[in-house]
Structure formats: C-alpha cells, structure tokens
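J.: Can you keep this structure in mind? I'll have questions shortly.
Read-outs: derived from the displayed coordinates by stated rules, not from any lab. Please read these numbers as outputs of a predicted model, since none were measured by experiment. Using ideal geometry, Cβ is built from the backbone for each residue, glycine included, and neighbour counts are taken over all protein chains shown.
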Amino acid sequence: MTRQVATNITWHPGHVTREERMAVTRQKPCCIWLTGLSACGKSTIAMALEQVLIQRGHLAYVLDGDNIRHGLNKNLGFSPEDREENIRRIGEVAKLFVDAGLIVITSFISPYRADRDKVRALLQPGEFVEVFVDASVEVCAKRDPKGLYEKAMRGEIKNFTGVSPDAPYEAPASPELHLKTDEISVEEAVATLLDYLESKGHLTPGA
C-alpha cells in the first residue's frame, strides 16, 4: 500500500533558541546511539547511563527498541523495509529530543549502516554519538533472556539479526565509541560513556 504524502504543510520555526535551552539545562544535548546485536547489553547500558545522568542533575531519556515497538512503531515488523522505517522514525524522534535540550540515549539493533548514517545527517556535527556495543553471537546467545537466539537457530524466528542469512548486522566502520561488552562490565561501559560526554563538553564540569 502506498502512503499518501502531505504536501500542504509549512515548517514553523520556534521562538526559543538552542542556546537558551542549553542555559536552562546546563548541558550540550546529543544523541547517544547504542547499536549492536540483540542481548549484547545495549538496553542495560542505556538504562544505567540514564540513571547516573539523572542522579547528577542532567536531563536524559532512553528510547528503547522493544518499548518503541509497543507504541510508535507497533505497526512495523522486521523486514528490511520495516527496519529502515523503524530507524527513520526513531531518528526523527531523537532529533526532537536533542532540539529540546536533552541527552537522548537510544538502544536499537539498527543493523544497517546506511540507516544510522541517515540519523547522523539529521543532527548537527558532534550531536550524534555512535556507540558500537560489541559482543559475539555466541556470547549474546548465552546471555539472551528471551531465548530468541535458540529459536532463531532452530528456524522458528525469521529475519533475526546476526543469525538468519537474510538479516545481517553491519557493524559501524568508525564509531565514536566501541564497547566490547564481553570484556568490560556495565559500570565500566557507563564510565567510558561519561568520560566521552565530559570530554566533548556535553556535561557541565562538576554538575
């Protein structure tokens, strides 16, 4: 089915600048884009980072892949086309969060480089922080709390990233951060992310 595209619309610029929002939030907004295989640790790291940021007085919010598919993207499946649309929508939402002055943390497999690059292009330079949450298929399968890898390997789940032949994962070529979660703890991953945010001026020193 072809979607009808609206043509009689106009973009209405706001009256509040980013600089004015930053003066209120005391932080430089950005999108921390966690990408990696299912059960590699994306959601765990995202939630832990959000908690630390909030405790330190920063405005942060997690957009999680499973949670988004319960609402905004509940009409999408896991075909290549639906995966592309899933990430396109999330990219637009993340852009709004960044424009509002937040540090938005996304946790999506987002298997295709082209889709992640499109999200990067939506944001200003330095606002898209691609983080490769890296663990082998074997390690992810052992951690998997849902038993999805076992089902995928038995052929019960189609289009399962990293297992199904028709669902490859394209690892980032040059991410801002590379977290090998089969070698480091969640606490170490969060510390690495905080160090990066501080070094790039996203967090007010001492806040």
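J.: Restricting everything to alpha-carbon atoms, can you work out Rg to Rh for the stretch 124-207 with a Kirkwood hydrodynamic radius?
T.: Rg divided by Rh gives 1.09.
J.: How much FRET efficiency would the formula 1/(1 + (r/R0)^6) give for Q51 and K74, where r is the Cβ-Cβ distance and R0 is 30 Å, rounded to 0.05?
T.: With R0 = 30 Å, the Cβ-Cβ based efficiency is 0.70.
J.: While we're looking at this one, here's another question. Suppose we look only past 16 Å in the calculated P(r) of the stretch 40-114. What percent of the Cα-Cα pairs does that tail hold?
T.: Values: 1442 of 2775 pairs.
For the stretch 40-114, the share of Cα pairs beyond 16 Å comes to 52 percent.
J.: Calculate, in nm to one decimal, what E81 and K180 gain on full extension: separation in residues at 0.36 nm each, minus their alpha carbon distance.
T.: 32.7 nm
J.: Quick one: check the C-alpha center-to-center distance for the stretch 87-166 versus the stretch 27-45, whole angstrom.
T.: Taking the Cα centre of the stretch 27-45 as reference, the centre of the stretch 87-166 is 8 Å away.
J.: Next question. Report the FRET efficiency, 1/(1 + (r/R0)^6), for E20 and A191, where r is their Cβ-Cβ distance and R0 is 35 Å, rounded to 0.05.
T.: According to the calculation, E is roughly 0.65.
J.: Scattering from the C-alpha atoms of the stretch 1-131 alone, worked out with Debye: what is log10 I(q)/I(0) at q = 0.11, 0.18, 0.21, 0.22 1/Å?
T.: -0.42, -1.06, -1.31, -1.39
J.: Filter the trypsin sites (Lys or Arg not before Pro) in the stretch 12-118 down to the DSSP loop ones having no more than 10 other Cβ atoms within 10 Å, then list what survives.
T.: Sites meeting the loop and neighbour criteria: K74.
J.: Kindly state, to the nearest 0.05, the FRET efficiency for N159 paired with T7, given R0 = 35 Å and r defined as their beta-carbon distance.
T.: Working: r = 34 Å, r/R0 = 0.96.
Once the sixth-power term is evaluated, E becomes 0.55.
J.: May I pose another question? Taking a 22 Å limit on the Cα-Cα distance, which of the listed pairs K42/K118; K28/K74; K74/K158 fall beyond it?
T.: K28/K74
J.: Give me the one-decimal nm value for the distance between modelled label points at K142 and Q124, 7 Å along each residue's Cα-to-Cβ direction.
T.: 4.5
J.: Here is a follow-up. Explain nothing, just compute: Karplus ³J(HN,Hα) = 6.51 cos²θ - 1.76 cosθ + 1.60, θ = phi - 60°, for every residue of the stretch 168-180 in order, whole Hz, x for Gly and Pro.
T.: x, 10, 9, 5, x, 7, 8, x, 5, 9, 10, 9, 8
J.: To continue, here is another question. Mind putting together the pair-distance distribution for the stretch 48-199? All Cα pairs, 5 Å bins, whole percent per bin, short to long.
T.: 2, 8, 16, 21, 22, 17, 10, 4, 1, 0
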